[in-house]
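The values are calculated or read from the model by the stated rules, or taken from the named source; none is laboratory data. Everything numeric here is computed off the predicted structure, so don't read it as measured data. With ideal geometry, Cβ positions are generated from the backbone for all residues, glycine too; neighbour counts draw on all protein chains shown. Heads up: the accessible areas ignore ligands, DNA and RNA and are worked out on the full protein's heavy atoms, side chains in. Shrake-Rupley method; radii C 1.70, N 1.55, O 1.52, S 1.80 Å.
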Amino acid sequence: MKKKGLALLLALTLTATMVAGCSKSDNKKETKTNETQTNETTDNTPAEDTATDDTNTAVTDTVVGGQIILGDVTEFNGSFIEGWGNNGADAVIKELIGTYPSFYGTAELSKEAEYVYNPTVLVTDPETTMNDDGSKTFKFTLQQDLVWSDGSPITAKDYVGNLMIYASPEIAEIDGSNVAGTTLIGYDEYSVGETEVFAGVNLIDDYTFSVTIKAEHIPTFFEAYASAVTPVPFSVYAPGVEINDDGNGCYLSDNYTSELIKEPMTSERYKPTVTCGPYKFVSYDSTNREVVLVINDKFKGNYEGQKPSIEKVIMKYTEEATQLDELASGNVDILFGISGGDKINAGLDLVDQGKADYATYLRNGYGLLAFHCDFGPTQFASVRQAIIYCLDRTTFCSQYTGGFGSLVHSEYGLGQWMYQERKDKIDSELNPYSYDLAKAKEVLEADGWNLNEKGEAYVEGTDTLRYKNVDGELMACEIQWASSDNSVAQLLATMLPSEMEKAGMKLTTTVVDFPTLLNNYYREGIDEPQFNMYNLGTGFTPVPQFELSYNTGKNYLGDYNTNFWMDDKIMNMGFDLIKTDASDKEGFLDKWEGIMKEINAQVPNIPLYSDEYHTFFNPKVQGYYGNDTFAIGYSLIYMSVSEY
């Protein structure tokens with residue numbers, strides 16, 4: 001098969017769409033094409049704007065049977081409910097079993113990459129009220145035939161309970177994330193324990209509840225998303241706890257404590273027993289790095305009423321070097337989000353041989369070097385800028401992607417509708433940080449990295465390492481890199497350390513497995529941070545979340561703000577972005593463009609590339625459907641398998 005790279009693809013179209021699978025006899029489809037962390041070189045996260053393929057429609061009368069094996073080079077962390085990081089492999093499982101906000105939400109991600117009110121869950125769209133103080137209330141009435149996987153009813157208590165647990169200080173006490181409902185009235189006071197009442201959340205009856213968004217967050221560009229709530233099995237997470245509402249907002253009974261929820265939520269985190277997605281959790285084998293799911297016969301359907309037909313799903317860790325061999329031999333059935341020219345070309349060879357089919361789409365994410373920006377040399381923009389000047393990103397991108405990718409210069413992906421709308425300005429106006437050792441030295445000198453280990457003037461050619469006087473102490477310009485063991489890291493290791501050394505910096509590399517990398521990246525169980533820099537990949541949520549990912553509030557650090565970014569400017573720009581009126585598309589794009597420029601200037605991360613992703617799958621997989629937004633965790637329910 002002729003290997004068509006991204007340059008040709010972009011010449012034909014720069015909108016990417018929902019794609020169905022291609023076989024050997026198919027022409028490659030140039031069709032129109034949200035944050036999980038992955039061990040590059042694959043990703044499996046929701047991405048941005050898409051359009052449906054007319055050949056795919058929801059089918060609710062399904063014949064159930066068969067098994068499918070999903071392969072992923074990202075190792076599981078083993079956390080399968082929300083609140084403890086977002087490893088890419090774990091995220092797929094959470095989507096399929098419904099512990100991620102994927103199914104049964106009041107709003108759900110559609111195939112068109114929009115959040116739409118969910119008629120499977122709601123009797124009607126919410127009743128909305130503009131209040132005198134400028135806030136807006138959304139009143140939801142639930143369908144009364146929703147049940148959990150164990151057959152128990154899903155009620156308004158489970159939706160309200162999500163907010164009451166995941167906004168409470170008690171969940172933070174057991175190292176979980178307590179940033180649910182941040183835009184709702186009363187969150188600020190409730191989340192820090194100033195009050196027991198969450199004023200913006202009301203439990204009206206068994207199947208009716210409401211949420212009220214603060215005036216400062218109205219209007220909002222993504223209203224269905226902003227008001228969306230998903231259920232949790234409240235009686236499982238918080239056994240014996242009651243939710244009360246005297247008309248002024250919800251509050252929990254006095255027996256609600258961190259100790260009460262710690263044991264059941266920890267148990268559910270590692271082995272969920274009561275869920276609402278299309279599949280149920282069966283087991284996780286940490287030795288073989290494999291998760292087994294079976295169909296949830298209680299699942300009512302997604303927002304279209306679509307139900308799964310594949311009876312059993314196995315997801316397993318696959319080695320990067322042998323993943324395509326496993327596909328060829330039938331040990332895995334789908335490899336999704338394949339990145340990198342060598343692997344893509346090898347996969348297309350399997351298509352030529354009749355051993356695989358494939359789909360291709362532009363990525364809603366990117367590969368990056370991520371910095372922690374609150375300690376050590378990488379707290380200084382000059383050091384981050386110097387590092388990017390030391391890396392020949394053009395050569396790196398070309399060698400790694402083999403033409404199936406392109407350089408990006410800020411926090412965007414090729415598949416994002418915002419980039420596609422503003423491509424010309426983004427490509428021409430952002431600093432490309434072209435390889436320039438002289439510039440790297442210049443920015444370091446200008447910021448005071450001009451001393452040696454004795455505190456004397458740094459002399460190039462004599463001294464090997466730059467120092468800076470920081471609060472009366474000498475700080476060495478030495479960067480600690482937590483590196484995964486993959487082709488991206490291996491290529492970086494041949495290109496970056498020696499160039500940094502020429503500029504007077506030192507890069508110390510520690511190769512770790514991916515779960516260890518993520519624990520340090522999120523600082524889960526880490527008392528003293530060790531690493532300044534991480535190589536990984538990320539996929540963007542369909543709705544931009546700069547107000548969260550750059551939020552300097554303590555509750556957000558590590559959970560959303562993984563750079564530990566401590567300046568409010570990008571956060572405030574993010575709040576302004578989502579507050580754009582839904583009718584003002586150009587205004588939204590102007591604000592997004594401004595954020596891209598600010599991130600480009602500050603370099604909290606080094607963008608490496610964004611890709612033309614390929615998914616390769618066994619020909620027994622029928623009706624392949626999806627892209628980097630409506631990813632495998634959402635789209636698997638549209639597929640079936642033959643020969644079972």
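Within the shell of other residues whose beta carbon sits under 13 angstrom from the beta carbon of Ile314, the net charge comes to -3, with Lys and Arg scored +1 and Asp and Glu -1.
FRET efficiency for the pair Asp150 and Asp125, taken as 1/(1 + (r/R0)^6) with r the Cβ-Cβ distance and R0 = 35 Å, rounds to 0.75. A straight line joining the Cα centroids of the stretch 413-454 and the stretch 173-241 runs 39 Å. Protection proxy ranking for 513-519, 392-398, using the average of other Cβ atoms within 10 Å per residue and placing the highest first: 513-519, 392-398. Summary value for the stretch 531-644: 17 percent relative contact order, contacts being C-alpha pairs under 8 angstrom separated by 6+ residues. The mean sequence separation of alpha-carbon pairs under 8 Å and at least six residues apart, normalised by the residue count of the stretch 247-338, gives a relative contact order of 17 percent. Of interest is the spacing of the C-alpha centroids, which for the stretch 290-311 and the stretch 603-631 amounts to 22 Å.
Using a probe radius of 1.4 angstrom, the carbon and sulfur fraction of the accessible surface of the stretch 184-239 is 50%.
Where Lys and Arg each count +1 and Asp and Glu each count -1, what net charge lies around Leu203 among other residues with Cβ under 12 Å from its Cβ? Mind dumping the intermediate values first?
Values: positive: Lys139, Lys157; negative: Asp158, Asp205, Asp206, Glu242, Asp245, Asp246.
It works out to a net charge of -4.
For Lys262, the lysines whose Cα falls under 27 Å of its own Cα, not counting residues fewer than eight places away in the same chain, are Lys94, Lys157, Lys271, Lys280, Lys554. For the stretch 500-514 and the stretch 519-591, what is the centre-to-centre distance using only Cα atoms, to the nearest Å? The stretch 500-514 and the stretch 519-591 have Cα centres separated by 25 Å.
Think of it as helices only: each DSSP H run of n ≥ 4 in the chain is worth -39500 (n - 2.57), and spread over all residues that comes to -7500 deg cm²/dmol at 222 nm.
Nothing charged except the Cβ atoms of Lys and Arg (+1) and of Asp and Glu (-1): what's the magnitude of the dipole of the stretch 249-366 about its Cα centre? Round to the nearest 20 debye.
420
Rounded is the label for the stretch 92-238. Its Cα gyration tensor axes, ordered a ≥ b ≥ c, give a/c under 1.5. Using +1 at the Cβ of each Lys and Arg and -1 at the Cβ of each Asp and Glu in the chain, identify which of Asn431, Ile338, Gly78 lies farthest towards the dipole's positive end. Farthest along the dipole direction, towards plus: Ile338.
Considering only Gly537, Gly472, Gly461, and ranking their Cα positions along the charge dipole of the stretch 419-537 that arises from unit charges at the beta-carbon of Lys, Arg, Asp and Glu, the one farthest toward the positive end is Gly537.
The aspartates and glutamates within cross-link reach of Lys111, meaning a Cα-to-Cα straight distance under 16 Å and a gap of 8 or more places when in the same chain, are Glu48, Asp49, Asp53, Asp54, Glu95, Glu304, Asp628.
Determine which residues of the stretch 466-510 fall in the zone a paramagnetic label at Ala457 would reach in this model, i.e. backbone nitrogen under 19 Å from the point 7 Å along Cα→Cβ. Of the residues in the stretch 466-510, 466-469, 504 have backbone N under 19 Å from the label point off Ala457. As a fraction of the 1.4 Å probe accessible area of the stretch 379-508, surface on carbon and sulfur atoms comes out at 44 percent.
Short-range pairs are left out: with C-alpha atoms under 8 Å and at least six residues apart, the relative contact order of the stretch 376-448 is 51 percent.
Kindly identify the stretch 536-644 as rounded, prolate or oblate by the Cα gyration tensor criterion: order the square roots of the eigenvalues as a ≥ b ≥ c, call it rounded if a/c is under 1.5, otherwise compare a/b with b/c, prolate if a/b is larger, else oblate. It comes out prolate by the Cα gyration axes. Placing +1 on the Cβ of every Lys and Arg and -1 on the Cβ of every Asp and Glu, with nothing else charged, gives the stretch 121-230 a dipole about its Cα centre of roughly 280 debye. For GluC sites (Glu not before Pro), the sites in the stretch 283-332 that DSSP calls loop and that have at most 15 other Cβ atoms within 10 Å are Glu319.
Considering only Thr266, Asn288, Asn255, the residue lying farthest towards the positive end of the dipole of the stretch 246-317 is Asn288, judged by Cα position with unit charges set on Cβ. Element breakdown for the stretch 509-560 at a 1.4 angstrom probe: carbon and sulfur atoms account for 43% of the accessible area. Note that the stretch 397-457 shows a convex hull volume over its alpha carbon atoms of 134 Å³ per residue. For Gly633, the shell of other residues with beta-carbons less than 10 Å away shows a net charge of 0, using +1 for Lys and Arg and -1 for Asp and Glu.
Looking at the stretch 244-299, the accessible area is 50 square angstrom per residue; that uses a 1.4 Å probe and ignores ligands, DNA and RNA. The chain has equivalent-ellipsoid semi-axes of 38, 32, 23 Å, by the square roots of 5 times the alpha carbon gyration tensor eigenvalues, sorted largest first.
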